[in-house]
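Structure first, commentary second.
The values are calculated or read from the model by the stated rules, or taken from the named source; none is laboratory data. Note that the structure is predicted; figures quoted are calculated from it, not measured. Quick reminder, even Gly has a Cβ in these numbers, built from the backbone with ideal geometry, and neighbours come from all protein chains shown.
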Amino acid sequence: MIKINNKSHCTGCTACATICPKSCIVLEADNEGFMYPRVMQDMCIDCGLCEKVCPVEKKKVELEKASPCLYAAYHNNEKIRYDSSSGGIFSAVAEKVLEEGGTICGCICDENKLIKHTFIQNVEDLYKLRGSKYVQSSIEGVFSRIKEYLLNNTPVLFCGTPCQVAGLISFVPAKLQERLYTIDFICHGVPSPKVWNKYVTWQETVHNSHITDVSFRSKIKGWTFSHIILEFENSEQYSKSLERDKYLRGFLNDVTLRPSCYECPFKTVNRVSDLTLADFWGIKKVDPSMYRKDGVSLVLVQSKKGESLIKAIDSQITKKEEPLEKVVSINVNLKKSVVKPTDRELFFANIDKYDYKTLYSRFLRISMLTEMKYIIRNTIKQLLFSIGR
């Protein structure tokens, strides 16, 4: 049976619980708000499937394949590009799979502000899956539903973190994977749902109103000057740059991340996914001709299926092959895990004692000098964006 002796070795992918033939593995949140499997030993038959399916264990055998092909790319539809976190390539791929009668599984922020994976079958619902959500999503029950779709010959496109994709690939039998398409992304790390919930509660208390909509990375002030925007029932709006928002400071400072994010085994150039997507940071230096102020995607084609997906959307996008070695040096999160901050354990040790504002003030607050640097830098960015319109 699976045992979690070191939490940094569990990504919470749910593969072990999903494959269990006796349903004796339950996922429970720890005091930090992250989900981990617990085995009900009296029901366990020691079949060992939970250990065999674990993607962390499988990752010990390194993936051997040619280096992926790299593109800078963006959707030709400006609205889709604007509504996406980077260049809108996910939307183009998802539309193509939907046209072929497939289903899309991706991450949404639901009406209760819970971050979770869900399924859509219509292009009209695709907007729900666009954009980054900086919280570890709930995927309980998702792998089983994907398998059911595949058994019924329905193509499925799954988009998730590298560890979620690895868990899904490990769970789905090889004979069913022909109709399974997967997209992962260059992941910084996943913050705790518990921290997000405390932040939501604090914001709703401050504004004396429920949050009706969340945009974690709005381009209202430009792609490279992203803002988190919260809309409230009372028509109030909250808008802050990512660097200055109290929730995203914890994320960017690496304090609120899952333990496995500090030792992530899936930060590699070669992935088990079909496509790896990300913001193409540094595109101005690598290839100024491909820069767009409303976003450019970095696309790593990891498989033959990924290659076929990119070819299928060729008329909808603009793309150009770029040198892989330059991008690896610029996008450090592709291969390197973040370093665990010294104050992380102290933050989570006090998570149940204080509201979010107090937690921020005690364990996340930046210095006045750093705050002023952010303000000056962001003001310059905004002026340059306004001039470039």
Quiz item: Does Trp202 qualify as being part of a helix (DSSP H, G or I) and crowded, with 20+ Cβ neighbours inside 10 Å?
Solution: no
Self-check item: Exclusive hit being closer than 18 Å to Lys133 by Cβ, modelled with pLDDT of 95 or more, aromatic (Phe, Trp, Tyr) and not assigned by TED's automatic domain parsing to the domain that holds Ser86, set Phe216, Phe232
Solution: Phe216
Practice problem: Can you run down the residue pairs with Cβ atoms below 8 Å, 6 or more apart or on separate chains, where the first is in region 304-327 and under 22 Å from Arg292 (Cα atoms) and the partner is at pLDDT below 95 and of a type in the set (S, T, N, Q)? | Solution: Leu324/Ser67
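For every residue, the table says whether it meets (1) at pLDDT below 95; (2) part of a loop (DSSP other than H, G, I, E, B); (3) out of contact with any helix residue (DSSP H, G or I) (no Cβ under 7 Å at 6 or more places or on another chain).
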| site | (1), (2), (3) |
| --- | --- |
| Thr224 | yes, no, no |
| Glu243 | yes, yes, no |
| Tyr247 | no, no, no |
| Val255 | no, yes, no |
| Cys261 | no, no, yes |
| Val269 | yes, yes, no |
| Ser273 | no, yes, no |
| Asp294 | yes, yes, no |
| Val299 | no, no, no |
Exercise. List every residue pair whose Cβ atoms sit under 9 Å apart, with the two residues 6 or more apart in sequence or on different chains, where the first one lies in region 88-101 and is assigned by TED's automatic domain parsing to the domain that holds Tyr149 and in a helix (DSSP H, G or I) and the second, anywhere, is buried (at least 24 other Cβ atoms within 10 Å of the Cβ) and among the small types (Gly, Ala, Ser).
Key: Ile89/Ala73; Ile89/Ser297; Phe90/Ser84; Phe90/Ser297; Ser91/Ser84; Ala92/Ala73
Quiz prompt | Lone unmet requirement of (1) over 23 Å from His75 (Cα atoms); (2) under 20 Å from the mean Cα position of the chain (by Cα); (3) hydroxyl-bearing (Ser, Thr, Tyr) for Ser297 | solution = (1)
Exercise. Output the residues belonging to region 124-148 that are among the aromatic types (Phe, Trp, Tyr) and under 11 Å from the mean Cα position of the chain (by Cα).
Key: Tyr134
Quiz item: Quick check: anything in region 284-292 assigned by TED's automatic domain parsing to the domain that holds Gly131, touching a Gly at 6+ places or on another chain (Cβ under 9 Å) and under 16 Å from Ser84 (Cβ atoms)?
Solution: yes
Exercise. Would you tally the residues in region 151-188 being buried (at least 24 other Cβ atoms within 10 Å of the Cβ), among the hydrophobic types (A, V, I, L, M, F, W, C) and either outside the structural domain of Leu277 (by TED's automatic domain parsing) or not in a strand (DSSP E or B) (or both)?
Key: 4
Quiz prompt | Failed condition for Ala15, given (1) touching a Pro at 6+ places or on another chain (Cβ under 7 Å); (2) of a type outside the set (Asp, Glu); (3) closer than 30 Å to Gly222 by Cα | solution = (3)
